[in-house]
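Values quoted throughout were computed directly from the atomic coordinates according to the rules given, and no laboratory measurement underlies them. Keep in mind it's a predicted model, so treat the numbers as computed, not measured. Quick reminder, even Gly has a Cβ in these numbers, built from the backbone with ideal geometry, and neighbours come from all protein chains shown.
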Amino acid sequence: MRSKVWIGSIMMIALLCGCGSDVKVIEGDVAVKETAAQAQEKKQEDTAAEVTEEDTAQYSGYVFTYGGTVIGMDMDAAPIVEQLGEADSYFEAPSCAFEGIDKVYTYGSFELDTYPTDDKDYVSSVVFKDDTIATTEGVGIGDPEDKVVEAYGSDWTEEDGMRVYEKDGMKLCFILEDDTVASIEYRSTAIEQ
Amino acid sequence: MKRKRIIRTACSVLVVAFTLFMLQRLLLPKYVSDVVEGRLIAEYYAEEKDHDVIFIGDCEVYENFSPKILWEDYGINSYIRGSAQQLIWQSYYLLEDTLRYEKPKVVVFNVLAMKYDEPQNEAYNRMSLEGMKWSMAKVKAIQASMTDEEHFLDYVFPILRYHSRWSSLKAEDVEYLFTDRKVSHNGYYMRVDVKPAKDVPEGKMLADYRFGENAYQYLDKMAKLCRDNDIKLVLVKAPSLYPYWYDEWERQIEDYAKQNGLLYINFLELKEETGLDYDSDTYDGGLHLNLSGAEKITAYLGQALQDEYHLTDRRSEERLSKIWADKTAAYEQDRRKQEEETEKQ
């Protein structure tokens, strides 16, 4: 009888412990971000350092191009930040309780935000700050709603009052005021998980 | 024969239950050497429950207010029931939970949590909820907080959620299997280092600045719970510069406080009055205050509470004074230790 109890206990322990590898460990809030980031990173590595707008088709989701630098969500932020040069301002926001720092780089016309996973930073969002820049598809702040539909179609959802186009695990978000684009933001969905 | 079989079965069940219990204790995160914020909620239960003021809310309460100053300067006995990204429904149920043990005269709630209208993140949920003792308040808090991917049973039997930790167990998991180490000073998380606030980003444009219905519903419930228990509810916005506090949010809280006859203090607007200096009073660039900053704004809050509610100065109570003498010694020791470590860096 005693041996049965021990066998039962050992089986239960094995059952509980054995299947651990595919379950998110709750010691930080970033473990689930790896898949999107790693997939994007692989594509990033496959592309030469100097990228052109034509290269953007190789990337997942909608990407933002600025001065020849392609910025996609969940891409490794280090080479992007290096290519963009010195930011106008830089801010670090440590997450409450967990290790890791969200970083905010401001480059005049846009803000680039990153999130940490393991020892690397990945792009979490790009937010337009003025009307001097446009998306790769040609839409900028101040453009009419028709131009958004022309560029991205009618397959969008409304989220917190924003018009959201979702593609390959990222979101392109527009805020429209009086049928005019008032805000544009590229956003990783990894940070929402 | 039958009796023997029953005894054997009972023993078997007990052995398995004990094994599972021990495993669960071992696998649960201890929150001792890192992510210590995960221990904050549980620490309250070891306290003598005779507080005049209870703080509830997110990191903007447990990193920005120091109960030691309320005691030292005003004789107010207070405790912070704060946790990382504490959502308003968690604050509400933590207040319900607190009222099972004591009835404070004042409850202070930090309003940043109004920005969230729905469950956010399991890791933060667990830091706010797992430390709560079991009660209907905890059950309701879990139900209100779970994201779509979470399961209630995982909170009842945390081993179901943490079993994958077996491969990353540390020495502290054994060391703190049955013991705890205090990580806070009456719920206050002390930091003495300095990192000036610089280049703090402005808030992104939002499509809708209105706080959500769910958030308002819990604020209403909190106000009612306080009213029903003859507790004064005070709303505060801590002087954290990031996340950004929008003017549109400020107006909604001002209106709510006015309509409900609540005291509302926005410390972002009291830089001169509190003497807060963002070059020296924050340890992470303006997100949270360091000890110097926390002591400044707590001194201001203490005066405001005295002016408004004339709380009794309890420094003449011998028993309480003794408790606070011990607490103050631990507080000063922690301060000195951190200052020495900071100087070494």
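Here are some notes:
- Classified by the C-alpha gyration tensor, segment B:60-107 has an oblate form. Its axis ratio a/c, with a ≥ b ≥ c, is 1.5 or above, and a/b does not exceed b/c.
- Of all DSSP beta bridges confined to chain B, the antiparallel ones make up roughly 10%.
- Think of each Lys and Arg Cβ as +1 and each Asp and Glu Cβ as -1; about the Cα centre, that makes the dipole of chain B roughly 2380 debye.
- Within the listed set B:Met127, B:Met136, B:Met190, the residue fluctuating most in the Gaussian network model of chain B (springs between alpha-carbon atoms under 10 angstrom) is B:Met136.
- Exercise: per-residue mean of other protein chain Cβ atoms within 10 Å, B:119-130: 3
- If you bin all the Cα-Cα distances of chain B at 10 Å, starting from zero, the percentages per bin are 5, 23, 32, 24, 10, 3, 2, 0, 0.
- Which of B:Ala330, B:His310, B:Tyr246, positive extreme of dipole for the protein assembly as shown (C-beta unit charges): B:Ala330
- Exercise: per-residue mean of other protein chain Cβ atoms within 10 Å, B:8-20: 3
- Computed over all pairs of different Cα atoms, the Kirkwood value for the hydrodynamic radius of the protein assembly as shown is 25.7 Å.
- Equivalent ellipsoid semi-axes - Cα gyration tensor, segment B:211-290, angstrom: 27, 14, 12
- Residue by residue along B:76-86, Cβ atoms of other protein chains within 10 Å of the local Cβ number 1 on average.
- Candidates B:Leu305, B:Leu291, B:Leu169, ranked by Gaussian network fluctuation over chain B, Cα under 10 Å, top entry: B:Leu169
- Cα gyration tensor shape for segment B:87-208, rounded if a/c is under 1.5, else prolate or oblate: rounded
- Cα gyration tensor shape for segment B:219-345, rounded if a/c is under 1.5, else prolate or oblate: oblate
- Cα-centred dipole magnitude for the protein assembly as shown, charges only on beta-carbon of K, R (+1) and D, E (-1), debye, nearest 20: 4760
- Take every Cα pair under 8 Å whose residues are at least 6 apart in sequence, average their separation, divide by the length of chain B, and the relative contact order is 24 percent.
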